[in-house]
Amino acid sequence: MYDITRTLGWPMPVLNELNRPHFDAMAEGKVLVQHCPDCATWLAPGAFLCESCGSTGVQWRQASGRGEIYSYVVMHRTFDPAFEAMVPYNVCLIELEEGPRLLANVVGVANADLTIGSPVQATFESVGEGLPLLKFKPA
Ligand SMILES: [Zn+2]
């Protein structure tokens, strides 16, 4: 979904017309995902058409930021030196209450205490020079 670039040593997505609204919304503390007005399907960011009905009328909408841990892994090795200080860190698949699933870190809970189905709430942390990054915390 994303090409990667580096900003102050951090691997960051290259912003384009398909993902920019999602990342711009993070700066305002909002979770923006996509929605198909033709079949009412919510979509993860980066869709250029609806995966359910094929409509190209996909629109951006603000999500609640509430969801639950659908699945997760705890990384004990890192593929990128930028993350070495974070090991071990989690990568969670969060299912928003609207339906789309997003990959993010869950903060504010020990990795050993992560539980599938646990309710979470969006939170935002700055990376690099104030670049916002969507994370989740226990709700
Ligand atoms: Zn649709």
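Multiplying each eigenvalue of the alpha-carbon gyration tensor of region 20-104 by 5 and taking the square root yields semi-axes of 28, 14, 12 Å, largest first, rounded to whole angstroms.
Model label points for E84 and I116, set 7 angstrom from Cα along the Cα-to-Cβ axis, are 3.4 nm apart. Counting only DSSP H runs of at least 4 residues, each contributing -39500 (n - 2.57), and dividing by the residue count of the chain, the helix-based mean residue ellipticity at 222 nm comes to -1500 deg cm²/dmol.
Going by the alpha-carbon gyration tensor, a ≥ b ≥ c the square roots of its eigenvalues, is region 57-105 rounded (a/c under 1.5) or, if a/c is not under 1.5, prolate (a/b greater than b/c) versus oblate? Note, shape of region 57-105 comes out prolate. Under a Gaussian network description of the chain, with springs only between Cα atoms under 10 Å, the residue in H22, H76, H35 that fluctuates furthest is H76. Probing with 1.4 Å while keeping every protein chain in the model, the per residue accessible area of region 4-138 equals 55 Å².
Using a 1.4 Å probe on the protein chains only, how many percent of the accessible area of the chain belongs to carbon and sulfur? After summing per-atom areas, the C and S share lands at 51 percent.
Between S55 and W10, the modelled labels are 3.5 nm apart [label points 7 Å from Cα along Cα→Cβ]. Multiplying the residue separation of A139 and V109 by 0.36 nm and removing their Cα-Cα distance gives an extension gain of 9.7 nm.
The values are calculated or read from the model by the stated rules, or taken from the named source; none is laboratory data. A quick note: this is a predicted structure, and the numbers were derived from the prediction, not measured. Every residue, glycine among them, receives a Cβ derived from its backbone with ideal geometry; neighbour counts consider all protein chains shown. Note: accessible area is taken over every heavy atom of the protein model, side chains too, but ligands, DNA and RNA are not part of it. Shrake-Rupley method; radii C 1.70, N 1.55, O 1.52, S 1.80 Å.
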